[in-house]
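The values are calculated or read from the model by the stated rules, or taken from the named source; none is laboratory data. Because the structure is predicted, anything quoted here is derived from the model rather than measured. Neighbour counts run over all protein chains shown; Cβ positions are idealised from the backbone, glycine included. These accessible areas exclude ligands, DNA and RNA; they are computed on the full protein's heavy atoms, side chains included. Shrake-Rupley method; radii C 1.70, N 1.55, O 1.52, S 1.80 Å.
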Amino acid sequence: MASLAMAAEKLRDLSQPIDVPLLDATVAAFYGTGSKEERAAADRILQDLQNNPDMWLQVVHILQNTKNLNTKFFALQAIVLSPVLISSLGTSDFHISVHYSIAVVVWGVKFMFVGSGVVLEGVIKYRWNALPVEQRDGMKNYISEVIVQLSSIDSSFRSERLYVNKLNVILVQILKHEWPARWRSFIPDLVAAAKTSETICENCMVILKLLSEEVFDFSRGEMTQQKIKELKQSLNSEFQLIHELCLYVLSASQRPELIRATLSTLHAFLSWIPLGYIFESPLLETLLKFFPMPAYRNLTLQCLTEVAALNFGDFYNLQYVKMYNFFMIQLQAILPPNTNIPEAYAHGSSEEQAFIQNLALFFTSFYKCHIRVLESSPENMSALQLGLDYLISISYVDDTEVFKVCLDYWNSLVLELFEAHHNLDNPAVAVGMMGLQMPLLHGIADGVGSQVLQRRQLYAGPMSKLRMLMICRMAKPEEVLIVEDENGNIVRETLKDNDVLVQYKIMRETLIYLSHLDHEDTEKQMLKKLSKQLSGEDWSWNNLNTLCWAIGSISGSMMEEQCLVLEFIMENRFLVMVIRDLLNLCEITKGKDNKAVIASNIMYVVGQYPRFLRAHWKFLKTVVNKLFEFMHETHPGVQDMACDTFLKIVQKCKRKFVIVQVGENEPFVSELLTSLATTVGDLEPHQIHTFYESVGQMIQAESDPQKRDEYLQRLMELPNQKWAEIIGQARQSVDFLKDQEVIRTVLNILQTNTSVATSLGTYFLSQISLIFLDMLNVYRMYSELISSSIAEGGPYASKTSYVKLLRSVKRETLKLIETFLDKADDQAQIGKQFVPPMMDPVLGDYARNLPDARESEVLSLFATIINKYKAAMIEDVPRIFEAVFQCTLEMITKNFEDYPEHRLKFFSLLRAIAAHCFPALIRLSSQQLKLVMDSIIWAFRHTERNIAETGLNLLLEMLKNFQGSEFCNQFYRQYFLTIEQEIFAVLTDTFHKPGFKLHVLVLQHLFCLVESGALTEPLWDAAAVPYPYPNNGIFVREYTIKLLGTSFPNMTAAEVTLFVNGLFESRNEPSVFKNHIRDFLVQSKEFSAQDNKDLYAEEAAAQREIERQRMLSIPGLIAPNEIQDEMLDS
């Protein structure tokens, strides 16, 4: 320990060259097997060195004099990520202090450099341009020399490979700053060095690949758009030298490692180089020459895939055809057409499996861009059909990633064929869909129609095979709850697999397009496969599942308007046969698991075809009665699925259950209510709630108020009877309500009421009126019980099962009231009847309670009430504010973790008040308003996305409301600068990227406001400013420049001024304003090396909406049970 203490003093003195042997010993102590104290002491020394701003100047000296690989990595880390003082590097004042760790993996051992301090930019990445020229030149020359030295001898190149790779990465980081402006000779120098030695050449290929990836693949969010453009132009202009080097290596070298490195580098380049380098040189022929060689096959195939994915017009069509035909000849020799590809893949080596994966990528890439070229001449047809057969065979491979690649292409091809067929009535669209470059002349429509039909005929064979593929491999839909586990048992699904749901969505869409193209073939294949299930020839759980999921997925795809009646008849005939066969299969099949699988599939299929069920009452009644049978089946998942399917069917067919059908004596709902107790006798409470919600949907469809009330009274007879018993007993002895079984019963009754209220809305009035006051009394009593339990037992009492049960009753009471008021029509008398009685039992109780006993649902209930009754609640806002504001704020502002449910609901309540009762906010005292604004700032500082977004939306509403009020000047004088500073803080700290869109809107509002002249009083403090500003606009410009200049000292004053001026100039152009801020975030280095997709979330949301509108225009793409259309149920 004493020796380490002496070493520390000596090593910390960086005024002279560091003692490398001493550093080696310290690093060895850190990684060694000595005592815990020795390792801790070494760790502190290394941390101090890393945190020293001058440490990086010792790097060259260390690298030259150490042989210890760990010491070399320590030194290199000082270059790449050197933590230094704020004053020397400059980072945002908005950053918070965090712990950081740098992991370096050497020979499979993970070493950690751990320190604590402010996370700062690396010297090269963020400080390079601030260094003197001689230091920059010295560093880049030294790094280059070490790379050449280590890679010139094969033995050192192999043994020091990890070290060389690290140096390569550092060199590329330097290049991003130096090249091309300050290092114009880099590419010629590199190519010249590559020609001196094969090992140097191999490493040069690695450097070129890294450079290409940095510029073309990883540049978004790392560099400004101008810098990316500059680097791309430089790479393009100097590519000839690289191209010649690659061709020379591939033609002259016999060294496998060099050839593989060259092919790997070419793979990185091929997506962006000018096409002439590919098609007007021997490159393509060279690649095809390497394809049959097993050692290079996969790399070559990856290169060919990149070429196949290029699409820049028709100029090189002949070369593409030649390439494809030659490739197919070679492929047949490597992988004969009659090969069972799924079986070969299952038993193949990792290289052989990679080949199949790459083959799928090649075919899909080529066909996406160039399939029309192959279609255009008859001599290419056989090669095209053969390639499609290969791809269909590959699609059966039992590998999710391979299937995703294939599925993505099949979806795009089928969509293209469908849209051409779908748009035949619009010749202009059809011409575009066919990709025909010709003017729309008189009479062309017939020609286009003929070409569309010919193209459909050309693909008829592959499309038929594709239908069978989709049927055999259909993914599981979300509605199916019964699955086969890893032991082969049928169980209830516990977790949803999101990947499977995404795959189902794409497969369903593909099969719908295929069904539109040839419904007859789709039906024929499905019915044939179903008949094999009945006969037992093809019986298996998986086969029946995928078939039924496929049948359910094409629901609604026969709704073409021009032949609606005919298609409706076809769908009816098809469904009659399917449901009949499935019901027969259920009867004849033995075994509980088998029956559970069949039941699951029957329920899924009938749930997907509400239109068919509405049109066939007898079938509908048979299906519903079958569901009632399944509700008595205790196999895991069957009852849940039966209740869910019943609800789905009722939602789409509700009218059918409340009218007297032909041959019936009473409506089905009346018949159902008579036998209600028997039907739900075997169901669990949560299943009964779903059942009651379903019956509520039926009653809601009854137009006669008298009948509706009668049905509701009959439905609620059992829970009301139990409720009356409990309340009667409680009136005799309040202690009766304290029994746990009684509490559970009360909870169950309330949940049943909530389910029915969800369906009935306003029509639930008679039922809730019956229990409302007693319910509030129970609420008050249970609240007192909870408070006394927590007061006596402390915070841990709130975790006991008894208190949790009591709180569940309180929450359900609030949920029931909120559900009813939310679903009820906007009737003022309902608000007057229910809101005043709740003020003390609910609001007063919240204020009086201990924090751990306060229910967050109180906040959401009053947010719902204010959103519902709007300005009518203005007079009640002060009371609401007094009861919940201060006490909730104290709960949630101690940290960012406690009371998470209260946080979001509190800010949602504030937002409702700001949106609908703004005059009540104006009446608040300045102290209270400051509390509101502080809480809003607290909200958008929050790292929980929902809370931050609610806070930002609330802020925007407050800003707009105050702008239009008489207190505009007073409000903005108080809060303008604070809001601007806080928004810039969250905008630039990387923890709040999801709020980027709203941050931009707030800033845009502020800059537009200040330039509009609406603020007539100065925003600056006259006492603190030595001279008055001409106007607020000039003051805010100067303030913003100072704010950002102080926060980002790594940026020059000119850069900051340019950014701020750009904000003011683009304030009225939202997209320009937003892009300007995006560029600033990259330039300031705050968002480098981050996932920046949240900065583009708005554009992604717009694209999703366009896609939804497209899907709505195609019958079947939105499932019938997902379409909210009341006219359907007529």
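Using amide H atoms built in the peptide plane, which far-off residues or other-chain residues are under 5 Å from Asn52 H to H?
Excluding prolines and chain starts, which carry no amide H, there are no hits.
Would you work out the charge dipole size for the range 268-378 about its Cα centre, treating the Cβ of every Lys and Arg as +1 and the Cβ of every Asp and Glu as -1, and quote it to the nearest 20 debye?
Values: 5 positive and 8 negative charges, 19 e Å.
About 100 debye.
Could you tell me the calculated FRET efficiency between Leu956 and Thr1057, based on Cβ-Cβ distance and R0 = 25 angstrom, to the nearest 0.05?
Values: r = 28 Å, r/R0 = 1.10.
The calculated FRET efficiency here is 0.35.
Only sites in a loop by DSSP and with at most 14 other Cβ atoms within 10 Å count here; which GluC sites (Glu not before Pro) in the range 799-899 make the cut?
On the way: sites: Glu812, Glu818, Glu855, Glu857, Glu875, Glu882, Glu890, Glu897; in loops: Glu855, Glu897.
Sparse-neighbourhood loop GluC sites (Glu not before Pro): Glu897.
State which entries of Lys166/Lys229; Lys528/Lys595; Lys592/Lys804 exceed 29 angstrom in Cα-Cα distance in the structure shown.
Working: Lys166/Lys229 26 Å; Lys528/Lys595 21 Å; Lys592/Lys804 38 Å.
Lys592/Lys804, as the Cα separations exceed 29 Å there.
From the mean inverse distance of alpha carbon pairs (Kirkwood) and the Cα radius of gyration, derive Rg over Rh for the range 936-1059.
For the range 936-1059, the value is 0.97.
Starting from the Cα of Ser156, step 7 Å along the direction of its Cβ; do the same at Ser264; then give the gap between the two resulting points in nm.
For Ser156 paired with Ser264, the spin-label model returns 2.2 nm.
Hey, with R₀ at 41 Å, roughly what FRET efficiency would Ala354 and Ile506 work out to, going by the Cβ-Cβ distance, to 0.05? Walk me through the numbers before you get to the answer.
Numbers: r = 24 Å, r/R0 = 0.58.
That gives a FRET efficiency of 0.95.
Could you work out the relative contact order of the range 284-403, using alpha carbon pairs under 8 angstrom and six or more residues apart, expressed as a whole percent? Write down the numbers at each step before the final one.
On the way: 93 pairs, mean separation 40.4, N = 120.
It comes to 34 percent, rounded to a whole number.
Each label point is 7 Å from the Cα along the Cα-to-Cβ direction; what then is the distance between the points at Ala1024 and Ser185, in nm?
Going by the 7 Å Cα→Cβ label model, 5.6 nm.
Hey, what do the phi angles of the range 463-471 turn into as Karplus ³J(HN,Hα) couplings, whole Hz, using 6.51/-1.76/1.60 and θ = phi - 60°, x for Gly and Pro?
5, 5, 5, 5, 4, 5, 4, 4, 5
Read phi for every residue in the range 191-200 and hand back ³J(HN,Hα) as whole Hz from Karplus 6.51 cos²θ - 1.76 cosθ + 1.60, θ = phi - 60°, with x for Gly and Pro.
5, 4, 5, 4, 7, 8, 7, 5, 6, 5
Where q = 0.23 Å⁻¹, what log10 of I(q)/I(0) comes from the Debye formula for the range 309-367, counting one point per Cα?
Taken in order of the listed q values, log10 I(q)/I(0) reads -1.01.
Just want the answer: with Cβ charges of +1 for Lys and Arg and -1 for Asp and Glu, which residue in Gln833, Ile874, Ser856 is farthest toward the dipole's positive end in the range 822-881?
Ile874
So how much slack lies between Glu1017 and Gln451, counting 0.36 nm per residue of separation and subtracting their Cα-Cα distance, in nm?
Numbers: separation 566, 0.36 × 566 = 203.76 nm, distance 7.10 nm.
Length gained, Glu1017 through Gln451: 196.7 nm.
Give, in nm to one decimal, the length gained when the segment between Leu583 and Ala252 is fully stretched (0.36 nm per residue of separation minus the Cα-Cα distance). Walk me through the numbers on the way to the answer.
Values: separation 331, 0.36 × 331 = 119.16 nm, distance 7.07 nm.
Between Leu583 and Ala252, full extension yields 112.1 nm more.
Kindly report the accessible area of the range 815-934 per residue (heavy atoms of protein chains, probe 1.4 Å, no ligands, DNA or RNA), in Å².
Details: 5090 Å² over 120 residues.
Per residue, the range 815-934 has an accessible area of 42 Å².
With the other protein chains left in place, how much accessible area per residue, in square angstrom, belongs to the range 146-266 at a 1.4 angstrom probe? Intermediate results must be reported in sequence, preceding the final value.
Details: 4970 Å² over 121 residues.
Computed with neighbouring chains in place, this is 41 Å² per residue.
With the contact rule set at Cα under 8 Å and sequence spacing of 6 or more, what percent relative contact order holds for the range 595-657?
Details: 43 pairs, mean separation 25.4, N = 63.
Reported relative contact order: 40 percent.
Kindly identify the range 570-650 as rounded, prolate or oblate by the Cα gyration tensor criterion: order the square roots of the eigenvalues as a ≥ b ≥ c, call it rounded if a/c is under 1.5, otherwise compare a/b with b/c, prolate if a/b is larger, else oblate. Walk me through the numbers on the way to the answer.
Values: a/c = 2.17, a/b = 1.36, b/c = 1.59.
Oblate is the answer for the range 570-650, as a/c is 1.5 or above yet b/c matches or exceeds a/b.
Just subtract the alpha-carbon distance of Leu770 and Ser733 from 0.36 nm times their residue separation and send over the number in nm, one decimal.
On the way: separation 37, 0.36 × 37 = 13.32 nm, distance 2.14 nm.
Here the answer is 11.2 nm.
Please give the per residue accessible area of the range 505-664, computed with a probe of 1.4 Å over protein heavy atoms only, in Å². Kindly include the intermediate steps, with their values, before the conclusion.
On the way: 5940 Å² over 160 residues.
So the range 505-664 comes to 37 Å² accessible per residue, rounded to a whole number.
I'd like the carbon and sulfur percentage of the solvent accessible area for the range 780-846, probe radius 1.4 Å, heavy atoms only, ligands and nucleic acids excluded. Let's see the in-between values first.
On the way: 1470 of 2900 Å².
Reported share for carbon and sulfur atoms: 51 percent.
Quick one: which residues, 5+ away or cross-chain, put their amide H under 5 Å from the amide H of Tyr396? H built at 1.01 Å from N.
Answer set, sorted by chain and number: none.
Hey, what do the phi angles of the range 642-653 turn into as Karplus ³J(HN,Hα) couplings, whole Hz, using 6.51/-1.76/1.60 and θ = phi - 60°, x for Gly and Pro?
5, 5, 5, 5, 4, 4, 4, 5, 4, 4, 9, 10
Above 21 Å lies some portion of the pair distances; for the range 288-433, what is it as a whole percent of all C-alpha pairs? Could the numbers behind the result be given before it?
Values: 4871 of 10585 pairs.
I get 46 percent for the Cα pairs in the range 288-433 exceeding 21 Å.
Determine which lysines satisfy two conditions relative to Lys404: a Cα distance under 24 Å, and not lying fewer than 8 residues away in the same chain.
The qualifying lysines are Lys368, Lys465, Lys476, Lys496, Lys505, Lys1093.
For Ser788 and Phe967, FRET efficiency with R0 = 56 Å and r from the beta-carbon atoms, rounded to 0.05? Mind dumping the intermediate values first?
Details: r = 45 Å, r/R0 = 0.81.
Between Phe967 and Ser788 the formula returns 0.80.
Leaving out ligands, DNA and RNA, what percent of the accessible area of the range 247-348 is carbon and sulfur, probe 1.4 Å? List each step's numbers first, then the result.
Working: 2680 of 4600 Å².
Roughly 58 percent, rounded to a whole number.
What is the range 857-932 by shape, rounded, prolate or oblate, if you read a ≥ b ≥ c off the alpha carbon gyration tensor as root eigenvalues and call it rounded for a/c under 1.5, prolate for a/b larger than b/c, and oblate otherwise?
Details: a/c = 2.26, a/b = 1.34, b/c = 1.68.
Oblate is the answer for the range 857-932, as a/c is 1.5 or above yet b/c matches or exceeds a/b.
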